[in-house]
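Everything below concerns the one structure shown next.
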Amino acid sequence: MPLRLDIKRKLSARSDRVKSVDLHSSEPWMLASLYNGNVHIWNLESQQLIKSFEICDLPVRAARFVSRKNWIITGSDDMHIRVFNYNTLERVFQFEAHSDYVRTIAVHPTQPYILTSSDDMLIKLWDWEKKWACTQVFEGHTHYVMQIVINPKDNNTFASASLDRTVKVWQLGSSTPNFTLEGHEKGVNCVDYYSGGDKPYLISGADDRLVKIWDYQNKTCVQTLEGHAQNLSAVAFHPELPIILTGSEDGTVRIWHANTYRLESTLNYGLERVWTIACQKGSNNVALGYDEGSIIIKLGREEPAMTMDVNGKIIWAKHSEIQQANIKTIGDQEIRDGERLPLAVKDMGSCEVYPQSIQHNPNGRFVVVCGDGEYIIYTAMALRNKSFGPAQEFVWSNDSAVYAIRESNSLVKISKNFKEQKTFKPDFGAEGIYGGHLLGVRSVSGLAFYDWETTDLIRRIEITPKHIYWSDNGELVCISTEQSFFILKYSAEAFEKAKDTKEGVTEDGIEEAFDGFKSQALAVTCDPEHKFELALQLGDLRVAYQLAKEAESEQKWKLLAELAINKCEFGLAQECLHQAQDFGGLLLLATSAGNTDMVLRLGQTAEKASQNNVAFLSYFALGKLDECLEVLINTNRLPEAAFFARTYLPSQISR
């Protein structure tokens, strides 16, 4: 199952070549270090450059936030490390750290340490509480050390990537590597740790255009990802989502599924080569650095998949871990609106798939988890597996034993008591399905409702829904879209009657099955456009006339004129057509009614408005030949005027 991650661009900042990016842990800030020697801090919310530091005249290849000290730390090609307070902009400290370009900086999450690596093939540990003393040097690489990253599950170990084609894993306190991972055919540029507790994995990207995933306990390569057309410059395991991000000099960022290793998406923002990727724990934001600037994207939603049964028991997923709480335990405590609920959270165990959706069935006995192209039905109490299978989407019927799955974009299967009952292919495909009293199927042509038992088409509606909600008794259904919602009344009797008699059944289903509440909607809506539309549908000329008068829109007057003619309100129709300046419509109305005064007025008005064809026809219908000739002469249609005079007004030929 594709992860269906919505990817939204949150910030786009044009600049000189970006060599590193970092995200602040609490402020909406992005740090970008540039090849021109500057460092920028951008505010994601205001989209503004809020701070700028001129570091040196050479490239700044590394920059990191140290939020607990209000610092940024930079490493540049002049071999210096510089520390700035980002609030006061003052330089706190500066020292020469290496004998060649500084490539990367890693900040220890708890201790007062930073690690730096350089083209001098060394990694150094610095302690800021000891006046930035170098407390350890790690030797072992035989070429430039391009990146170092600290293990999030064991802060005493870290990994390094080098152009000597290896990834080495080190331990603080030991100057020699614990072990070396070999497998890339060219220099390794980037490395990252998987932060989840279930897999001891490392990822690396190299100039051989390959991404390799390593098991650092068994010291083996478990997967190789191919697809980039140029050198890999950045790799990352996302700390919140089951995805891998890889950036390359081919200008693309590729998003891979961390469990199946399938390519999910390819991003190309046209900013030339990708140099760096930064993720942040607790956030779905990702920062990307390019030749021509930097971008922040947001992947998916940050709120977890969750469900609540009729008794107030909530189940949600935190990554693949399932947790629960019960609102009923609060009892009769008075809770203020917006107040955080004091709920006891209980771990239920882990799920075999990454949950994209969780749903209780109507009686609350079972809960289904859907994700990674599969569904698993568990018991709600103990999370015991009851059924599973392939599915893009899963929905429950109002009958607790019946459910449907969307297996592909063309196939829907209905099951009862965990046994498959029906399989059908909707006429226009299935892009999404919705549960409830009827089975809803979204397709390119709109929404179709089907009967759960027979899969008969009940009604097709031209609308693209986002959610569908049914009332408990199944009489009312709310269809919500991106912008609005609609409430319809479902008539089960009309469906049963049509099923027996076959009357009123069209290719779009049964006309009488759903009714709207247009008059109620007209009474409550505040949107003039919607109100006018409803007034037309209800045939309410008075309300529609008032709204058209307020809007002064030609289109509205034309629509109202059409309705007035249908209702034989010719006086109103005449006014509407006049307001809409619809001279053709007025001519048709006047000649049909045989109203000579109206035809004459129309001819005069049309002539003033340069609607010469209508003016000519009006005069001609009245037999006013002199006026017809004047219209032709005034519009310089002299050949036609000559013919007209020869035929109808011989006395005027001399003109």
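Nothing in this text is a laboratory measurement; each read-out follows from the coordinates by a stated rule. Because the structure is a prediction, the values reported are computed rather than measured. Quick reminder, even Gly has a Cβ in these numbers, built from the backbone with ideal geometry, and neighbours come from all protein chains shown.
Quick rundown of the values:
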| read-out | value |
| --- | --- |
| For the stretch 7-299, alpha-carbon Rg over 2.2 N^0.38 Å | 0.92 |
| Out-of-range pairs (alpha-carbon distance over 32 Å; input 281/313; 298/425; 124/153; 212/386; 131/199) | 298/425; 212/386; 131/199 |
| Rounded if a/c under 1.5, otherwise prolate or oblate - the stretch 179-245, Cα gyration tensor axes | oblate |
| For the stretch 364-441, convex hull volume per residue from C-alpha positions, Å³ | 78 |
| Estimated translational D of the stretch 241-399 in µm²/s (Stokes, Kirkwood radius over Cα pairs; 25 °C; 0.890 mPa s) | 135 |
| Sorted peptide list for 111-123, 237-249, criterion being average Cβ within 10 angstrom, highest first | 237-249, 111-123 |
| The stretch 80-156 and the stretch 405-477: distance between their alpha carbon centers, rounded to Å | 58 |
| Tensor-based shape of the stretch 392-503 (alpha-carbon gyration tensor, a/c under 1.5 rounded, otherwise prolate or oblate) | rounded |
| Spatial separation of Cα centroids for the stretch 176-199 and the stretch 256-287, in angstrom | 19 |
| Cα-based Kirkwood hydrodynamic radius, the stretch 170-321, one decimal, Å | 16.8 |
| Listed peptides 162-169, 130-137, 54-61 by packing density, highest first (mean Cβ within 10 Å) | 162-169, 54-61, 130-137 |
| Farthest positive-ward along the stretch 304-429 dipole, Cα basis, beta-carbon charges - from 424, 333, 306 | 424 |
| Kirkwood estimate for the stretch 1-96, i.e. one over the average of 1/r between Cα atoms, Å | 14.0 |
| For peptides 252-264, 278-290, sequence by mean Cβ density within 10 Å, most packed first | 278-290, 252-264 |
| Alpha carbon centroid spacing (whole Å) that separates the stretch 24-44 from the stretch 335-387 | 39 |
